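Report on the following structure.
The values are calculated or read from the model by the stated rules, or taken from the named source; none is laboratory data. Quick caveat, the model's predicted, so the values are computed rather than measured. Glycine also receives a Cβ, built like all others from the backbone with ideal geometry; neighbour counts cover every protein chain displayed. Heads up: the accessible areas ignore ligands, DNA and RNA and are worked out on the full protein's heavy atoms, side chains in. Shrake-Rupley method; radii C 1.70, N 1.55, O 1.52, S 1.80 Å.
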Amino acid sequence: MIAAATVSGIGRPRLGKALPGAIWAFLLLTPAFVSLASVSFYPIVNGLYLSLTNTSLITQENEFSGFANYVQLWGDAQFWNAWWHTMWFTAASTILETVIGLGMALILCEAFKGRGLVRAAMLVPWAMPTVVTSKMFGWLFDGQNGIINYILLHAGLIDQNINWYGSPDTAMTTIIIADVWKTTPFMALLLLTGLQTVPNSLIEAARMDGAKGWITFWHIRLPLLMPTLLIAGLFRALDAFRVFDLVYVLTGGGPADSTETLSTLSYKVLFSTLQFGYGSAVSTAMFVTEGIIAIVFCLYLVRQIRRAQ
Amino acid sequence: MTDIKKGPVSGSKPVAHVTIADRRQFLIGSAGLLGAATLGMGTGLGVRRARAQSRAEISFASAAFFGKETFGDLIKAFNESQDRVLVKNIELPPPSSSTEVYQGLVQQLARRTGTPDVFSQDVIWIAGFAAAGWALPLDEYFPADKRSAYFSGTLNACTYEGKLTALPWFMDSGMFYYRKDVLEKHGGKVPENWADMATVAAAAQKAGDADFGYLWQGKQAEVLVCDAVEIITSNNGAILAPDGKSSLINQKAAVDAIQFLHDTVNATKISPQDVLSWDEEPSRQPFTSGKAMFMRNWSYVYPIAQDAKASQVVDKVGVAPLPAFPGGKSSACLGGYQLGVNANSKQREAAIELLTWLSSTETQHRIALNFGLAPTRPALFQDEKIKTEQPFMASLETVFTGATARPITPEYAKVTLALQSGISKALVSGNVQAEMDTLAAQIDQIVG
């Protein structure tokens, strides 16, 4: 149908009459497919291939080595260290952002004066480039002159400045806070659209039956919002799993590797030590973990939908 | 990934019209100098190109430094100074993005297309580039008598497996900054021993004359390796054995040195805990705002400290060699940039000509005055003009003379990542010996 419409739009080319619609459709889709294949499929396949070789720019080696890289990866403490940090970052930031985002969405869903303005203002943190956010949080949590320490000190909550980025106990937490600040509005926006699809008549009917706000939320809004929540959570988890810029700007993976994530590790292995083979194995392991996360989310989503039916 | 800005710098436009006569003149004049490559251009298919531009075209890639002029201006001056070679300047990111500069360069060199013909490189890349066969050995062009004009430390760093694969350009090294006024009140003598330094710093801190006694750089980054090289070497220790095939970092000398750094934060408390997340600039700021007594940093700090717009301590800052341990010798980590020629360059003679010009006494003089980057030729430290305009350089000569290179190994990129992680762990946890044992095993595996 699309093809037919497009053909007539082009201005009746003779060729168009000779070709059936399906072929036209394929022809028109080819550019999109080619560009997708070259920027998306090719790098994945090439990465998979490289991970099975000992390619290194420095040693100039480029031979097939089977699963040697993966065997090495399995015993690599640095990889597992980064893997756990990445999982922890993903879980913590996704859960916090979903909960806080849901709260924000519920507030924004209500009718109040200046709602348009609040909705627009809410998006500012999300629209900001991550590098800018990172620098900002670098200053906020600065150990010497940061305003966070100043506030905590004057509120009597701490008795000496905390060096947020210089201690393994606080560095990752601080990065998670920065990420929550930045990405919660995105979650709120996704959940807000979900909330708005819940028919008002259902909620009104519940209210007529005497249900209080909390009960309508728990028994009507939340179950109906569940698919949206899961999809938003999936989006967020996959994105959080790739965290790079926040870590790169704020700590570079330190101190003592306490904020190393899979992205920063693979960046270092690939582009600093130029071990393309081993680095590809790290990023392939990342790809596989992400795939598993996506499958878990999808299975849960399917179950939810079935139950709803 | 890395944006490499290609194209000539404004002003260095190629000569558009060259007459046949000019070309003939040029061919005669330059045949001896430029050799077969250029002659080939003047015959056969090359004729049209030669008519448009009768100069050997080469490219130069470097991290971007700024001062009263840029490296683009420098290349322009070279292009105007003669009529045989035409250089196109490829500007890489500034040296603060050293990793990006490295990646940009490697991606070009690995293609083996001959571009860039000449490049500048950090000392730690030299061995890797040489081992990969990307750097042209320069021994035949710069024999022993020409080399003697340079500092021996930088020459060592430019040598890989007995071959000179880079030419010293300008240098930098770690140095010891102190506050003259605060020191006056606390003994007046610049400490030459780490323990004395800690005592004086603690006393000044206790008396309220400085918020911080000693600032250094403990962030898990390249600079941490530099700080470590200095302190370990000043205790007669080393990171790698002389043959480069095994690690010495878990030996007593190195462990004691790292322990000293750990103690500055946790025992003597002359350094704030923040140094563990600070690289160069965050540690420089408290010093130039007058909060600290001593600091380890690079030479770029001196001009900033003397600039009334950026500094509260104008005329109060002194520079000295870093302290050492008893029985050890002060050690400064070698920094700075060196020049190299692409082994795949199709215009070797022209490349060597540019190299010679860039590293010449005249150009190094110009770089010292206009960029504030120290020469690699000791003779220039006696130059009157440099002494008046960049007075800090003269006081640094002793520091530069003994500068120590970071481990020279083609696997440096892997070694440095292991060092950054291992030393950071030791500084954070305080289990120095245990962390150094683990680190030594890792390094042995990388270089062995």
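Assign unit charges at the C-beta atoms only (+1 for Lys and Arg, -1 for Asp and Glu), then state the dipole size of chain B relative to its Cα centre in Debye, rounded to the nearest 20.
1220
Under 5 Å between amide hydrogens, which residues at least 5 positions from residue A:243 or on another chain qualify, with H placed 1.01 Å from N in the peptide plane?
none
Note down the nm distance, to one decimal, between modelled labels 7 Å out along Cα→Cβ at residue B:382 and at residue B:189.
3.1
Rounded to the nearest 0.05, what FRET efficiency is calculated for residue B:401 and residue B:68 with R0 set to 30 Å and r the Cβ-Cβ distance?
Efficiency, from the Cβ-Cβ distance: 0.65.
Can you give me the solvent accessible area of residue A:150 with a 1.4 Å probe, rounded to the nearest 10 Å²?
140
Please report, to one decimal in angstroms, the Kirkwood hydrodynamic radius of chain B built from all distinct Cα-Cα pairs.
Across chain B, the inverse of the average 1/r is 23.3 Å.
Compute the length gained on full extension between residue B:437 and residue B:96: take 0.36 nm times their separation in residues and subtract their Cα-Cα distance, giving the result in nm to one decimal.
This chain segment gains 119.6 nm when fully extended.
Volume per residue, Å³, of the convex hull around the alpha-carbon atoms of region B:160-202?
Expressed per residue, the convex hull around the Cα atoms of region B:160-202 is 121 Å³.
Once you put a point 7 Å from the Cα of residue A:302 and another 7 Å from the Cα of residue A:19, both along the Cβ direction, what distance in nm separates them?
3.7
Compute the FRET efficiency between residue B:81 and residue B:145 as 1/(1 + (r/R0)^6), taking r as their Cβ-Cβ distance and R0 = 22 Å, and round to the nearest 0.05.
0.35
In whole angstrom, how far apart do the alpha carbon centroids of region B:52-89 and region B:294-326 sit?
After rounding, the separation between the Cα centres reads 34 Å.
Rounded to the nearest 0.05, what FRET efficiency is calculated for residue B:161 and residue B:329 with R0 set to 35 Å and r the Cβ-Cβ distance?
Using R0 = 35 Å, I get an efficiency of 0.85.
Using just the helices of chain B, give the 222 nm mean residue ellipticity in deg cm²/dmol: DSSP H runs with n ≥ 4 each add -39,500 (n - 2.57), and the total is spread over all residues, rounded to 500.
It comes out at -13500 deg cm²/dmol, rounded to the nearest 500.
Multiply the residue gap between residue A:109 and residue A:150 by 0.36 nm, knock off their C-alpha separation, and tell me the result in nm, one decimal place.
That works out to 11.2 nm of additional length.
Taking the DSSP beta bridges in chain B as the whole, what percent of them are antiparallel, to the nearest 5?
65
I'd like the orientation of helix B:20-42 relative to chain B: the angle between its Cα long axis and the longest Cα principal axis, in ° from 0 to 90, rounded to 10.
50
In the protein assembly as shown, what percentage of the DSSP-assigned beta bridges are antiparallel, given to the nearest 5?
Here the antiparallel bridges make up roughly 65 percent for the protein assembly as shown.
Would you give the gap between the C-alpha center of region B:145-177 and the C-alpha center of region A:226-262, rounded to a whole Å?
43
Once you charge only the Cβ atoms, +1 for Lys and Arg and -1 for Asp and Glu, what is the size of the charge dipole of the protein assembly as shown about its Cα centre, to the nearest 20 debye?
So the dipole magnitude of the protein assembly as shown works out to roughly 2700 debye.
Mind checking which of B:432, B:375, B:343 is farthest towards the positive end of region B:296-448's charge dipole, using Cβ charges of +1 (Lys, Arg) and -1 (Asp, Glu) about the Cα centre?
B:432
Using Cα atoms only, what is the angle between the long axis of helix B:361-371 and the major principal axis of chain B, expressed in degrees (0 to 90) to the nearest 10?
60
Starting from the Cα of residue B:269, draw a straight line to each of the lysines and keep only those under 25 Å, dropping any in the same chain fewer than 8 residues away.
Straight-line reach from residue B:269, under 25 Å: B:180, B:185, B:189, B:206, B:219, B:252, B:291, B:316, B:329, B:425.
Where the only charges are on Cβ atoms (+1 Lys, Arg; -1 Asp, Glu), what is the dipole of region B:353-448 about its Cα centre, to the nearest 20 debye?
For this selection, approximately 120 debye.
Tell me, what HN-Hα J-couplings in whole Hz come from the Karplus equation 6.51 cos²θ - 1.76 cosθ + 1.60 at θ = phi - 60° for each residue of region B:423-439, using x for Gly and Pro?
In residue order, the calculated couplings are 5, 4, 4, 5, 5, 6, 8, x, 7, 4, 4, 4, 5, 5, 5, 4, 4 Hz.
Just counting partner chain Cβ atoms within 10 Å, what average do the residues of peptide A:164-172 show around their Cβ?
For this peptide, the per-residue mean of nearby foreign Cβ atoms is 4.
When the C-alpha atoms of region A:55-131 are aligned to their principal axes, what extent does each axis show, in angstrom, from largest down?
The Cα atoms of region A:55-131 stretch 66, 23, 18 Å along their principal axes.
Hey, which lysines would be in cross-link range of residue B:76, C-alpha to C-alpha under 23 Å, not counting anything within fewer than 8 residues on its own chain?
The qualifying lysines are B:5, B:6, B:13, B:68, B:88, B:346.
Could you order A:84, A:139 by accessible surface area, starting with the largest, using a probe radius of 1.4 Å?
A:139, A:84
Starting from the Cα gyration tensor of region A:155-289, take the square roots of the eigenvalues, sort them a ≥ b ≥ c, and report rounded, prolate or oblate (rounded when a/c is under 1.5, otherwise prolate if a/b is larger than b/c, else oblate).
Verdict is oblate for region A:155-289.
To the nearest 500 deg cm²/dmol, what mean residue ellipticity at 222 nm is calculated for chain A from DSSP H runs of n ≥ 4 alone, each contributing -39,500 (n - 2.57), summed and divided by the residues?
That comes out to -22000 deg cm²/dmol.
Residue A:113: which lysines have alpha carbons under 24 Å from its alpha carbon, excluding same-chain residues fewer than 8 sequence positions away?
Excluding near neighbours in sequence, the set is A:212.
As an exercise, find the ratio Rg/Rh for the protein assembly as shown from alpha-carbon atoms, using the Kirkwood inverse-distance average for Rh.
1.03
Any chance you could run the full-extension gain for residue A:235 through residue A:30? It's 0.36 nm times the residue separation minus the Cα-Cα distance, nm to one decimal.
Full extension of this stretch gives 71.0 nm more.
For residue B:170, which sequence-distant residues (separation of 5 or more, or a different chain) have an amide H within less than 5 Å of its own amide H, given hydrogens modelled in the peptide plane?
For residue B:170, whose amide H was placed from the backbone, the distant partners under 5 Å are B:337.
Ignoring ligands and nucleic acids, what accessible area does residue A:147 show with a 1.4 Å probe (Å², nearest 10)?
90
Classify chain A as rounded, prolate or oblate, taking a ≥ b ≥ c as the square roots of the eigenvalues of its Cα gyration tensor: rounded when a/c is under 1.5, otherwise prolate if a/b is larger than b/c and oblate if not.
oblate
With loop defined by DSSP as not H, G, I, E or B, and exposure as at most 13 other Cβ atoms within 10 Å, which is the longest segment of chain A clear of exposed GluC sites (Glu not before Pro)?
That would be A:111-309.
Among A:183, A:210, A:200, whose Cα sits farthest toward the positive end of the charge dipole of region A:117-243 (+1 at Cβ of Lys/Arg, -1 at Cβ of Asp/Glu, about the Cα centre)?
So the residue we want is A:200.
If I ignore ligands, DNA and RNA and count only protein heavy atoms, how much of residue B:349 is accessible to a 1.4 Å probe, in Å² to the nearest 10?
80
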